[in-house]
1. For region 57-73, list residues with backbone N below 12 Å from a point placed 7 Å from the Cα of SER113 toward its Cβ?
2. Which lysines have a Cα less than 28 Å from the Cα of LYS79, not counting those fewer than 8 places away in the same chain?
3. If you filter region 23-131 for trypsin sites (Lys or Arg not before Pro), then keep DSSP loop positions with at most 10 other Cβ within 10 Å, what is left?
4. Pick from THR34, THR53, THR16: which residue has the top mean-square fluctuation in a GNM of the chain where Cα pairs under 10 Å get a spring?
5. From the phi angles alone, apply the Karplus equation (6.51, -1.76, 1.60; θ = phi - 60°) to region 22-34 and give each ³J(HN,Hα) in whole Hz, x where the residue is Gly or Pro.
Amino acid sequence: MNELKAEVLEILEFETLHIVKFGYAKRYTLLAMTLELPDIKEGSKVILSFKPTHCVVQTKSLDDISIDNQIKAQLKEAKIGELLVYLKFQCENDNIEAIITKNSYDKLALKESDELFLGINASEVYIKEVL
């Protein structure tokens, strides 16, 4: 599981649906879509989490797709299996993991130290802990 320390910037609400906007690493805005909201308010510090299988790896920033969250990170390690590739990235002081198919890895021609963009849908990000 990936874990990122973030700060709540804004909470949007309609009936039981919440879209929460977070500040991460002083330069990223991340969104989470949730039905259940812990006891947080603007300014609350939280740990966000998402699964490695929910990271989309991109070689360039894509602004015309429906993925709300994009983080620029450097590829630090690739463990290549028969079908899947485990990727370890570094963004600021955090490690972020992604798991992609070997086919995607080969198609993207990834190399260690590449600067890449990681996309995560707002519906895949959740608040793991309120600090």
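Read the figures in this text as sums done on the coordinates, not as results from a lab. None of the values given here were measured: they were computed from a predicted structure. Here the Cβ is made from the backbone with ideal geometry for all residues, glycine too, and neighbour counts use every protein chain on show.
1. In region 57-73, the label zone of SER113 (backbone N under 12 Å from the point 7 Å along Cα→Cβ) covers no residue.
2. LYS5, LYS51, LYS60, LYS88, LYS102, LYS107, LYS111, LYS128
3. Working: sites: LYS26, ARG27, LYS41, LYS45, LYS60, LYS72, LYS76, LYS79, LYS88, LYS102, LYS107, LYS111, LYS128; in loops: LYS26, ARG27, LYS41, LYS60, LYS111.
Qualifying residues, ordered by number: LYS26, ARG27, LYS41, LYS60, LYS111.
4. THR16
5. For region 22-34, the Karplus curve yields 10, x, 10, 6, 6, 9, 10, 10, 10, 10, 10, 10, 8 Hz.
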